[in-house]
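Notes follow once the structure below has been shown.
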Amino acid sequence: MTEPSAAVEPGFDAWVEARAAALLRFGYLVTGSQQAAEDAVQTALVSACEKWARVSRHDDPDAYVRRMIVNAHISAWRRSGRRESPVAEVRDTAGTDPAQTVAQQDAVWRMCTRLPTQQRAAVVLRFYEDLEYGEIAAILDVTEPTVRSHVHRALAALRRELEASREGES
């Protein structure tokens, strides 16, 4: 006989099928690389599968697994001891100069990749995933003021770098 809650909870396979694309997108935004994103997501999903009974009972399993993805990326980064500078994917958009769009996206992403890992994760969660500071704090396992500080410092660093690059063009 099955437990009553098991019939209500979605299975791990169904949950992954529904969320895989969003998790990979999130992983890419955090890591900056498709390969690193796939590795981080796979590591997080293996761990989540092993603990699915516990993970699925959380109020927000998505947030729990996103945190696992961030942690997996940070662990991999620490193990490897190296940083990568990925190039943004080229996407064709109608009505704009594709070369200029790619150059702008690449420049912004290169600036973001130079941010410390926690700051980059906070910026990605805030501006790409559109999460609130409290949600980001839960994912990164830090306090909300720390998240605000990470975002503030990251944006200040990005502004300084943008101003310096504009002065260099003049």
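General observations
- Taking the criterion of being surrounded by 19 or more Cβ atoms within 10 Å (Cβ to Cβ) and of a type in the set (S, T, N, Q), the only residue of the stretch 27-42 that qualifies is Thr31.
- When the stretch 81-116 is limited to residues that are of a type in the set (Ser, Thr, Tyr) and under 19 Å from the mean Cα position of the chain (by Cα), the one that is modelled with the highest pLDDT turns out to be Thr113.
Let's see how each residue does on (1) modelled with pLDDT under 90; (2) outside any helix (DSSP H, G or I); (3) within 30 Å of Met111 (Cβ to Cβ):
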residue	(1), (2), (3)
Thr2	yes, yes, no
Ala22	no, no, yes
Arg25	no, no, yes
Val41	no, no, yes
Ser47	no, no, no
Asp59	yes, yes, no
Arg67	no, no, yes
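- Residue ID - farthest from Ser165 (Cα to Cα), chosen from residues in the stretch 100-121 that are surrounded by 15 or more Cβ atoms within 10 Å (Cβ to Cβ) and among the aliphatic types (A, V, I, L, M): Ala121
- Among the residues of the stretch 135-154, the one identified as open to solvent by 50 Å² or more (accessible area, probe 1.4 Å), touching a residue at least 12 places away in the same chain (Cβ under 8 Å) and within 12 Å of Arg120 (Cα to Cα) is Arg153.
The values are calculated or read from the model by the stated rules, or taken from the named source; none is laboratory data. Model, not experiment: these values are computed from the prediction. Ideal geometry is used to build each Cβ from the backbone, glycine not excepted, and the neighbour counts take in all protein chains shown. For the accessible areas, the whole protein counts, side chains as well, though only heavy atoms, and no ligand, DNA or RNA atoms are used. Shrake-Rupley method; radii C 1.70, N 1.55, O 1.52, S 1.80 Å.
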